[in-house]
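Before any comments, here is the structure.
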Amino acid sequence: MIEIFRVPSGMAYAAWPEVAPLIAPAVEMSEGRHNLATTLARVSTGHMTCLVGLSNARPIVACIIQVALYPAEKWLQIPFCGGSRMREWLPQLLDTIDAFAYNEQCVGVEISGRGGWRRVLAPYGYLPSKNHHLVVKRLVPHAGQRAA
């Protein structure tokens, strides 16, 4: 049986050697918006929350969540999630995420990730957003200008 736990922010550095490899592929897809060090810093200060799923006391899934305060609504965001043996932990992880979102008075859960998540999450009530495509452009500093 998989047990899902919240990593206390004060334990983030101790848990990170086992968590980081699980979320590294997802973090790498952030196109530089995040890296493992910045994610650890945000988890250790409580700006992000790390959930882990344990099997025989070993992490097999890690999920990073954060509350997003939009001007009109509060949503729970899942920027990073990764692991192995998804069939064993997905329903329980989603229940834990829903409970966290309800506890934080969020109106919904939004997930950024590869397109395959859409198919996997559809049976759990997740639908593509009307704005489900993200288009990005990386700015290159011009002479005399610098990126923020």
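The values are calculated or read from the model by the stated rules, or taken from the named source; none is laboratory data. This one's a predicted model, so the numbers in the text were calculated from it and none came from an experiment. Positions of Cβ are generated from backbone atoms using ideal geometry, with glycine treated the same way; all protein chains shown enter the neighbour counts.
Some observations on this one:
- Some residue of the range 85-103 being outside any helix (DSSP H, G or I) and surrounded by fewer than 12 Cβ atoms within 10 Å (Cβ to Cβ): no
- For the range 23-68, taking the residues that are touching a residue at least 12 places away in the same chain (Cβ under 8 Å) and basic (K, R), the one that is surrounded by the fewest Cβ atoms within 10 Å (Cβ to Cβ) is identified as R58.
- Within the range 6-46, the residues that satisfy the criterion of being outside any helix (DSSP H, G or I) and farther than 17 Å from R58 by Cα are M29, S30, E31, G32, R33, H34, N35, T45, G46.
- Only a single item in (1) over 30 Å from L139 (Cβ atoms); (2) in contact with a Lys or Arg (Cβ under 9 Å, 6 or more places away or on another chain) is not met by P79, and it is number (1).
- Residue match in the range 48-70 (condition: more than 22 Å from A12 (Cα to Cα) and either among the aromatic types (F, W, Y) or modelled with pLDDT of 95 or more (or both)): yes
- Some residue of the range 72-83 being at pLDDT 95 or above, buried (at least 19 other Cβ atoms within 10 Å of the Cβ) and more than 21 Å from Y126 (Cα to Cα): no
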